[in-house]
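Throughout, read-outs are computed from the coordinates displayed, never taken from laboratory work. Source: prediction; values computed, not measured. In this analysis, Cβ positions are derived from the backbone assuming ideal geometry, glycine residues included, and neighbour counts consider all displayed protein chains.
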Amino acid sequence: MAPRAGQRRLPRLLPLQGVDVMTSPVSPPPPSKGPGPSSAVRVALVGALVVGVGVGAFVLGRGSGGSSGPAFSSGERQGPPSAGATVEGMPEVPSEPTKMDVPDAPATAALWVDVHAPGKVRDALMRNAWLKEQWGKPLGQGFVGEWAPFLGSTGADLKASFKGAVVDVVAGQLLDAPFRTVWFSGASRAGTPALLVPRADRKSRAAWDALDGVAKRGAMTADRCPDSAVKVPEGGFHLSRWLVAEQTVWTARTEERVVLARNPVVLLQGLCTPLPKLGASEGVDVEVGFNPDAYGREAQLFTHVLGLKGNARLQFGVEGDRLVGRGIAGAVSPTAIPDTRPLSDDLLKLVPEETPVLFTFNLTLPESLEPEVLKTHWEGKSAQSVRTRTRQVALVWTPRGNASLEPELALLWGSEQDAEGVRALFSGGARTLKTATLCKHVVLATSDAELERLKKACEGRAPNLLNAAGPVVTGLREPASVMLGINTGRLLSGLLMDGYTSEARVDRASPLPKAAPPEIEAARRDLESLPYLGLRGKVVGYGPELVSEGFGT
């Protein structure tokens, strides 16, 4: 969709820059060393949330100008302007499908976004005043981008049996059952996700058949899965290539599962890769999950030290027309039960109020941080006589949308007496960290600028979390074992600016302007109005499951 006259389309938000993990030379043995993920998969969970829910917002929330078919409830729908796309000169369907060259290396599901209540989420997005306003602005137009003609094409354009637009069929029928967006890691990764309906009902299957009948322009067959242990249906998999308005989607349907992807290899991974069961507790409408084994040794070490077992999940619910945090879910190891306590005022004073992502956790470690003592503790071989103590630790992170920019990350260790041991633990990495003692915390930062930012917050020369909105401060002060705070507005505003500067053509004759164009500044202001999302997980008694809680503005 072209922008209006006098407007620029906003730049795409680039993949988040990979962050150097400040790892310790002393680490417990991880379960495995599977292949590392692509840069698109090496994003924090907050990145997954933003991308996954953002894509869902477009696919589910966008209405069309055409009338809907009988599967939809009555009533006028709101959304961005119709694409007005036409479909002309489409090639004939090839008579014979081609055989796919199946990769030998199996894939691992690394990260996924589950929508458990599609109708509830779709209705909330359609009624949300902020989203309605953005569809007519450069921000919304840039987000819709090249997919507007695809989803805006109508049944009449395609000479199909259905009425309305493709988006009506996709959002109201195909994705009316619970669905999942999943990113894979492995040697044959492609960097794009697959969209799955694990248990497609009659409505989903009928919608798929309707689209396949008019949009199919080519096909492939796959006689096996990359993992030879996975059973393939008789006759193999049949992969359809849908082509509408010059946009291609690969898709396939089995007896139960419907899968869509931009890449045929990813489509096959969605058909073959075993996945966690799609299901959630009451009140949870959207979840973000990840598999630490897919992220390499650092993530395995991190989850092991925290005592987390299995797949940790970020949970969200829908209240009215808003998405709200429900908490962090997951199981914890009986031998590494984390302590549950509120964040100290010293920590809240140290963290700048504008911080996009804050992750805090409580570590129960031996009094001594000597490498051998820690190794014995992490291996579960510590003697009962070894004294332990809880340390409150936080990670402060500013994700970047430009790979040429240095990461902005700091570790805040809430025990001054551990200063020497902490510096020794994190001295073996590839990056030289800047260190200081601020607000009774040992601080290790990736740059002097990051250290100065924390120092200003600690000294009261810049706003800190004690100056945040009342509900945020109240939520941060509640007891938790692990906590994730996402300043959504600051996060997306910063990524937008990184995307703009990365795409700007800068040279001596055309230097980067001191001020961003008006539409960029307007979009940043709109993004900064988005709420703060807080997620907590806490251990109650000695149970193995985290109790989920949420807070925010």
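Observations on the model:
- Per-residue packing, averaged as other Cβ atoms within 10 Å, sorts the ranges 482-492, 440-450 into the order 482-492, 440-450, beginning with the highest.
- Whole-Hz Karplus values for the stretch 250-264 come out as 9, 8, 7, 9, 9, 4, 10, 9, 10, 10, 10, 7, 7, 10, x Hz, taken residue by residue from phi with 6.51 cos²θ - 1.76 cosθ + 1.60 and θ = phi - 60°; glycine and proline positions read x.
- Working note: Cα atoms of the stretch 110-167, range along each principal axis, descending, whole Å: 34, 30, 28.
- Residues in the stretch 151-181 reached by a label modelled at Arg217 [backbone nitrogen below 14 Å; 7 Å Cα→Cβ]: 151, 153, 158-159
- Gain on full stretching of the segment that runs from Ala504 to Arg387 - 0.36 nm per residue minus C-alpha separation: 36.5 nm
- Violating pairs (Cα-Cα greater than 32 angstrom) within the set Lys231/Lys375; Lys455/Lys514; Lys120/Lys349; Lys132/Lys455: Lys231/Lys375; Lys120/Lys349; Lys132/Lys455
- Full extension of the segment from Thr192 to Arg477, taken as 0.36 nm per residue of separation minus the current Cα-Cα distance, would add 98.8 nm.
- Annotation: extensible slack from Glu282 through Lys375 equals 29.5 nm (criterion: 0.36 nm per residue apart, minus Cα-Cα distance).
- Here each label is just a point 7 Å from Cα along the line to Cβ, and for Thr437 and Glu255 those points are 6.7 nm apart.
- Proximal aspartates and glutamates relative to Lys159, as straight alpha-carbon distance under 18 Å, when same-chain residues fewer than 8 apart are discounted: Glu88, Glu92, Asp168, Asp209, Asp212, Glu246
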